[in-house]
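The values are calculated or read from the model by the stated rules, or taken from the named source; none is laboratory data. Bear in mind the structure is a predicted one, so any value in this text is a computation, not a measurement. No Cβ is skipped: glycine too gets one built from the backbone with ideal geometry, and neighbour counts run over all protein chains shown.
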Amino acid sequence: MRYLLTILTIGITFPSHGQTLTDLHNRLKYLQSPPTFKHDTTGFSAMPKFDFFCDNENPNKSDYYHVVDLNNDGIKDLIYSGPCKPYGQTRIFFNTGKTFKKAHSYPGEIVSIEKKSSLTVINILKNACCCDYYSEFIQITIDSVSNIRKNIIAFGADTKIKLNARPKIVKVVGVLRTTPELNDVTKKDSCRNQTLKGNHVTRIQKFTDIVQLNEDGSWWLVLYQQNQERSWIGWMKMSK
């Protein structure tokens, strides 16, 4: 079977993400070698006091906080990103001037914060753990009126992310897998009392636009949109 409609232009927009392939490629670079995020607590002591359960066991209360104006209103807001069993936790607080309002809370720890002209973009990585078999790369976008948009890219714990220089959009159909190998052996999932099938992630039932990120022989590493909020990265075997 042939896979048609390959688009080679890196600057076009991938509809499911509302961003160019260049933007997507730059975002995914963080997964190849996640940087160490440096917290900045300047001004923390002057902020309204509050209690957050994830911080209760930390010796130094300010160690895992980051002070930043997220919605460009001139008031410094607060992010906690640090230990909170069984995962790390990132919680975003908007500063009203008198108290804090919780804006976002999700497992994972900050990889980067990008300040743009009218947006703040926060990238968070939740590594697979325990009975969660998939890591999640979460992007939180906050605009100047405090609207929040969340986009999640999930991938298997054993899925290695390595990018080609130029991603491209293609139409494909078939099985998305965590690794570039055919594994259809069923096994019992003791955590959820259900059956898992080999290294399957999901099946793309009809020809659908995906982003090809890399290739290894007849295998492609691709990004596939499940819905407006969630996408998956996995391997697909391409037949000619």
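Write out, first by first residue and then by second, each pair whose Cβ atoms fall under 7 Å of each other, whose residues are 6+ apart or on separate chains, and whose first residue, in segment 167-195, is within 29 Å of Leu21 (Cβ to Cβ) while the second is assigned to a loop (DSSP other than H, G, I, E, B) and among the hydroxyl-bearing types (Ser, Thr, Tyr).
Every condition considered, the pairs that remain are Lys168/Thr6; Val170/Tyr3; Val170/Thr6; Lys171/Tyr3; Val172/Tyr3; Thr178/Thr159; Thr179/Thr159.
For the subset of segment 206-236 comprising residues that are of a type in the set (Phe, Trp, Tyr) and under 14 Å from Arg177 (Cβ atoms), which member is farthest from the chain's Cα centre (by Cα)?
Checked segment 206-236; the qualifying residue farthest from the chain's Cα centre (by Cα) is Trp219.
For segment 9-24, does any single residue satisfy the condition of being surrounded by 11 or more Cβ atoms within 10 Å (Cβ to Cβ), at pLDDT 85 or above, assigned to a loop (DSSP other than H, G, I, E, B) and within 17 Å of the chain's Cα centre (by Cα)?
The answer is no; no qualifying residue exists.
Does at least one position in segment 168-178 carry a residue that is in a loop (DSSP other than H, G, I, E, B) and modelled with pLDDT of 95 or more?
Taking every residue of segment 168-178 in turn, at least one turns out to be in a loop (DSSP other than H, G, I, E, B) and modelled with pLDDT of 95 or more.
Check segment 209-219 and report whether any residue there is of a type in the set (Phe, Trp, Tyr), assigned to a strand (DSSP E or B), touching a Leu at 6+ places or on another chain (Cβ under 8 Å) and surrounded by 10 or more Cβ atoms within 10 Å (Cβ to Cβ).
No, every residue in segment 209-219 fails to be of a type in the set (Phe, Trp, Tyr), assigned to a strand (DSSP E or B), touching a Leu at 6+ places or on another chain (Cβ under 8 Å) and surrounded by 10 or more Cβ atoms within 10 Å (Cβ to Cβ).
Can you report the number of residues in segment 36-68 which are assigned to a loop (DSSP other than H, G, I, E, B), surrounded by 10 or more Cβ atoms within 10 Å (Cβ to Cβ) and either hydrophobic (A, V, I, L, M, F, W, C) or touching a residue at least 24 places away in the same chain (Cβ under 8 Å) (or both)?
13
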